[in-house]
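Engineer: I have a structure here, written as structure tokens, and I will follow up with some questions on it.
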Amino acid sequence: MEKVILIRFNEIHLKGGNKKYFLNLLYSNIKEAIKNVPCKLENIQNRLVLRDYDNSYEQDIIDALTAVFGVHSISIAVELNSDVDEVKNYVSTIKINKSFKCDVNRADKSFPIKSNDFAADLGEIVLKNNSMAHVDIHNPDITISVDIRENGKTFVFTDTIHSYSGLPLGEKADGLLLLSGGIDSPVAGFCMAKRGLRQDILHFDSFPYTSPQAKEKVITLAKKIKKFIGAKYMYICSMTKLQEEFHIHCNSEYAINLLRRSMIRVANYLCEKHNYKTIVTGESLGQVASQTIESLNSTNSVAKYIVLRPLISFNKEEIIEIAKKIGTYETSILPYEDCCTVFLPRNPIIKPRIKDSEREETKINLNNILASILDSIEVIELDNV
């Protein structure tokens with residue numbers, strides 16, 4: 001008998017011939033998440049088992065595992081031999097004074113008793129040894145789960161901790177997340193990571209119009225979400241000179257539209273330089289002037305890589321709910337400005353035409369300014385902050 005942590009996955013089961021590839025990714029990502037914890041991780045059929053860990057690390061392990069995409073649920077379990085008497089003897093030691101049910105999963109069809117029959121046998125044992133216990137198969141306070149595996153081992157547990165499921169992150173960063181200091185973009189990164197997209201981070205600032213505290217706020221956000229999105233690098237690009245030129249020489253109504261188009265151009269450059277395949281933003285349709293169909297079409301027109309907008313149909317309440325769940329909300333609402341609030345026009349254009357945006361851009365030496373901006377991009381290794 002040994003105490004272990006049982007790790008389950010679900011969507012990976014649907015991957016057919018590619019299942020081994022995704023399972024290997026999950027295994028590697030879990031190893032990375034718990035690299036500072038002395039333990040042993042094993043891959044048995046359709047389960048991962050973590051063993052040989054010190055109990056003092058248990059909560060750290062649980063916290064790490066629940067942030068790994070691809071993990072469906074985990075349980076602190078006891079591993080037994082798949083022997084009828086051994087399982088019955090262990091179940092007889094479980095103390096219960098509430099409603100319960102026994103749930104048997106008989107993956108090993110050579111086990112001599114069928115699932116429902118064995119569950120009934122175990123239930124009788126629990127009732128015999130716990131005078132305050134009673135059976136409730138529909139809404140029990142406690143479920144005694146018995147997982148009989150094909151390798152001759154059985155896992156018994158009473159608690160299941162659910163994670164985010166999804167697909168495991170890829171081996172390298174294929175996405176570039178445009179991270180502002182707001183609520184939306186960290187959630188966008190989280191949502192795309194749930195589909196297996198590992199992302200690095202690009203942030204735009206406008207110092208001295210934005211403060212050092214605003215920059216630190218976004219670095220804090222990056223550190224909070226890197227465990228989800230697998231980010232290694234954060235790029236910080238100053239848009240100050242460009243915004244000043246837009247403010248002086250261009251129609252003020254187009255200031256945000258022109259800024260967003262330039263942000264995409266910077267992202268294009270980094271994608272090409274570092275082999276990212278896609279750009280991720282936190283835009284939600286109709287939320288602000290820069291997120292109308294026409295505005296999104298204008299920014300898309302300068303994109304050389306696909307722009308993913310996972311929040312496009314979300315309302316603000318839905319986004320806030322996820323932000324609170326992943327621990328970014330309280331940081332996002334800190335009252336520090338970001339670059340999109342600099343030189344903010346009173347009446348920003350909500351239906352810009354691409355040809356009009358292009359005409360406004362001819363009023364400044366856009367290419368030279370962009371070249372200067374790209375040369376001064378700051379790179380932060382997130383493992384070092």
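The values are calculated or read from the model by the stated rules, or taken from the named source; none is laboratory data. Because the structure is a prediction, the values reported are computed rather than measured. For neighbour counting, all protein chains shown are included, and Cβ atoms are generated from backbone atoms with ideal geometry for every residue, glycine included. All accessible areas refer to the heavy atoms of the entire protein, side chains included, with ligands and DNA or RNA removed. Shrake-Rupley method; radii C 1.70, N 1.55, O 1.52, S 1.80 Å.
Engineer: Roughly how many percent of the accessible protein surface of the chain is carbon and sulfur, given a 1.4 Å probe and a whole-percent answer?
Structural biologist: Carbon and sulfur: 48 percent of the exposed surface of the chain.
Engineer: Let me ask something additional. So for the chain: antiparallel DSSP bridges make up what percent, rounded to the nearest 5?
Structural biologist: Within the chain, antiparallel bridges account for around 55 percent of the total.
Engineer: Ok, one more. Using the Cα atoms of the range 47-155 to build a convex hull, what is its mean projected area in square nanometres?
Structural biologist: Result: 7.9 nm².
Engineer: For a quick check: with amide H placed at 1.01 Å from N, whose amide H comes under 5 Å from Ser82's, ignoring anything fewer than 5 positions away on the same chain?
Structural biologist: Lys153, Thr154
Engineer: Are there trypsin sites (Lys or Arg not before Pro) in the range 29-137 that DSSP marks as loop and that have at most 10 other Cβ atoms within 10 Å, and which are they?
Structural biologist: Counting only loop positions with at most 10 other Cβ atoms within 10 Å, the trypsin sites (Lys or Arg not before Pro) in the range 29-137 are Lys35, Lys95, Lys109.
Engineer: Moving to a separate point now. Could you tell me the calculated FRET efficiency between Lys363 and Lys316, based on Cβ-Cβ distance and R0 = 45 angstrom, to the nearest 0.05?
Structural biologist: For R0 = 45 Å, the calculated efficiency reads 0.85.
Engineer: Under a straight-distance cross-link criterion of Cα-Cα below 13 Å, which aspartates and glutamates are reachable from Lys215, leaving out those fewer than 8 residues away in the same chain?
Structural biologist: Asp205, Glu337, Asp338, Glu378
Engineer: Between Val84 and Glu244, what is the spin-label point distance in nm, taking each point 7 Å from the Cα along the Cα→C-beta axis?
Structural biologist: Once both label points are built, they end up 8.4 nm from each other.
Engineer: Quick one: work out the % antiparallel among DSSP beta bridges in the range 83-184, nearest 5.
Structural biologist: That works out to approximately 30 percent antiparallel.
Engineer: Obtain the radius of gyration and the Kirkwood radius of the chain from its C-alpha atoms and give Rg over Rh.
Structural biologist: Computed over Cα atoms, the ratio is 1.11.
Engineer: Right, here's the next one. Can you tell me the accessible area per residue over the range 1-156, all protein chains present, probe 1.4 angstrom, in square angstrom?
Structural biologist: 51
Engineer: Efficiency by 1/(1 + (r/R0)^6): what FRET value for Thr341 and Asp383, r their Cβ-Cβ distance, R0 = 25 Å, to the nearest 0.05?
Structural biologist: 0.25
Engineer: Which part of the range 283-301 falls in the paramagnetic zone of Ile354, meaning amide N under 13 Å from the point 7 Å along Cα-to-beta-carbon?
Structural biologist: 294-301
Engineer: For a quick check of understanding: with a 1.4 angstrom probe and all protein chains in place, what accessible area in square angstrom does Glu216 have, to the nearest ten?
Structural biologist: Result for Glu216: roughly 100 Å² accessible.
Engineer: Lysines within cross-link reach of Lys40: Cα-Cα under 22 Å, excluding same-chain residues under 8 positions apart?
Structural biologist: By straight Cα distance, Lys40 reaches Lys3, Lys20, Lys31, Lys153, Lys227.
Engineer: Could you give the nm distance between label points at Lys31 and Asn97, where each point is 7 Å from its Cα heading toward the beta carbon?
Structural biologist: 4.6
Engineer: Just to verify a number: FRET efficiency for Tyr209 and His13, C-beta to C-beta distance, R0 = 35 Å, to 0.05?
Structural biologist: FRET efficiency, Tyr209 to His13: 0.10.
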